[in-house]
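Notes to accompany the following structure.
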Amino acid sequence: MVSSEEEAAVLNCIDLSSPDIHSSVALLKQACLDSGFFYVINHGIDETFMDEVFSQSKRFFTLPMEEKMKVRRNEKHRGYTPLFDEFLDPANQIQGDYKEGYYIGVEVSEEDYDEQKPFYCPNIWPKEDIMPGWRKTMEKYHQEALEVARAVTRLIALALDLNIDFFDQPEMLGTPLATLRLLHYEGRTSEPDKGIFGAGAHSDFGLITLLATDDVCGLQICKDKDAKPQTWENVPPLKGAFIVNLGDMLERWSNCIFRSTLHRVVGNGQERYSIAYFVEPSHDCVVECLATCQSDKNPPKFPPIISKDYLLQRYKDTHADINSYK
């Protein structure tokens, strides 16, 4: 049984343009200890361009289903995902999430493609004559969002008493698994007590997530997943800002000092669009407890794990078999 509260979550706001880095790190650290969620403003991506990305996203989702299914998700998680493809909270959901999406990863050329790397492959793109300019817009956004993510992880590194460039190492964000995901929620009303959600309760898989949203509410967080009943707080949209949350890999790295928090999307009958940017370390990165986050009294809580192995299992657990499309 879950209960939904009407109260809005109070989240810290990190200004990436602030010259007072010590204040920014302190605000971020408090947020990471408290909820694992915070806003980022003045991040450097032009607001007009953000509006264009949302406009292009809507253009795609208004295509006929026949066209969208021509670029359906492949085994490497690139392309379109139809309604109910993702099942984020099977214990409490009676059906998959009522959202559709589109995965765009780091671009890999045919020459550099390695079949043994499960998350590296060329992207799937709609045909240019159907969606002119769409690919160019999404590739530009992908690159700019990655720079924002790197700026945020530098503050996180300082908050964890690491060198500022810790996450910039080649095996981490030097060659990241960064995935842009466009999302469209139909104008349905969620019924949590009946197991019907826009997106079921979950925590994200990787390092951090940057989320841009339209002005329609829907995102909720639960700071204490073990409470009975659970208390859910709304996260209001903030124009021009990213909502940033920590992922499970960072929780593992920090030995649970920093939090990867449960969140979900509850629809209110309005259509909703959002753009998620998931940032994970490179394919072969070993995620293990940081030296600054362990002691004799607080030994590592998790064994080391390779990034690709962890992500493969999480995707397998939450996505439909692509053969069900055929």
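The values are calculated or read from the model by the stated rules, or taken from the named source; none is laboratory data. Since we're looking at a predicted model, the values are computed, not measured. For neighbour counting, all protein chains shown are included, and Cβ atoms are generated from backbone atoms with ideal geometry for every residue, glycine included. With ligands, DNA and RNA removed, areas are computed over all heavy atoms of the protein, side chains included. Shrake-Rupley method; radii C 1.70, N 1.55, O 1.52, S 1.80 Å.
Assorted remarks:
- Amide H to amide H distances under 5 Å link residue 208 with 247, 279, where only residues 5 or more positions off or on other chains count and H is placed in the peptide plane.
- Ranked by solvent-accessible area (1.4 Å probe, protein heavy atoms only, all chains present), the residues 49, 37 order from largest to smallest as 49, 37.
- Phi angles across segment 260-270 convert, under the Karplus curve 6.51 cos²θ - 1.76 cosθ + 1.60 with θ = phi - 60°, into 3J(HN,Hα) values of 9, 9, 4, 8, 8, 10, 10, x, 10, x, 9 Hz, Gly and Pro given as x.
- Amide H contacts under 5 Å for residue 117, placed H, 5+ residues apart: none
- Whole-number Å³ per residue for the convex hull built on Cα positions in segment 186-296: 125
- Relative intensity of segment 86-186 on a log10 scale, I(q)/I(0) at q = 0.13, 0.15 Å⁻¹, equals -0.69, -0.87, per a Debye sum over C-alpha point scatterers of equal strength in the absence of solvent.
- Average accessible surface area per residue within segment 229-324, 1.4 Å rolling probe, Å²: 42
- Antiparallel DSSP beta bridges within the chain, percent to nearest 5: 85
- Using a Förster distance of 56 Å, the FRET efficiency for residue 270-residue 107 (Cβ separation, nearest 0.05): 0.95
- Computed from label points 7 Å out along Cα-Cβ, the spacing between residue 49 and residue 16 is 1.0 nm.
- Stokes-Einstein diffusion of the chain at 37 °C, 0.692 mPa s viscosity, Kirkwood radius from Cα pairs, rounded to a whole number: 163 µm²/s.
- Taking all protein chains together and rolling a 1.4 Å probe, residue 307 ends up with roughly 0 Å² accessible.
- Computed over the alpha-carbon atoms, segment 225-271 gives an Rg to Rh ratio of 1.04, Rh here being the Kirkwood radius from the mean inverse distance.
- All-pairs Cα distance distribution in segment 257-326, expressed in whole percent, bin size 10 Å: 13, 31, 33, 16, 7, 0
- Note on residue 226: accessible area approximately 120 square angstrom, rounded to 10, probe 1.4 Å, nucleic acids and ligands left out.
- Kirkwood Rh in Å, taken over all unlike Cα pairs in segment 24-143: 17.1
- Computed from label points 7 Å out along Cα-Cβ, the spacing between residue 130 and residue 226 is 4.9 nm.
- Surface exposure of segment 2-61, expressed per residue as accessible area with a 1.4 Å probe, stands at 50 Å².
- Here the chain has 51 percent of its accessible surface on carbon and sulfur atoms, given a 1.4 Å probe and all protein chains in place.
- Take segment 151-200 with all the other protein chains still there, run a 1.4 Å probe, and you get 37 Å² of accessible area per residue.
- Residue-wise HN-Hα couplings along segment 63-72, as the Karplus relation 6.51 cos²θ - 1.76 cosθ + 1.60 with θ = phi - 60° gives them from phi, are 5, x, 4, 4, 5, 5, 6, 5, 10, 5 Hz; Gly and Pro carry x.
- Derived scalar couplings ³J(HN,Hα) [segment 141-158; Karplus, 6.51 cos²θ - 1.76 cosθ + 1.60; whole Hz; x for Gly, Pro]: 5, 4, 5, 5, 5, 5, 5, 5, 4, 5, 5, 5, 5, 5, 5, 4, 4, 5
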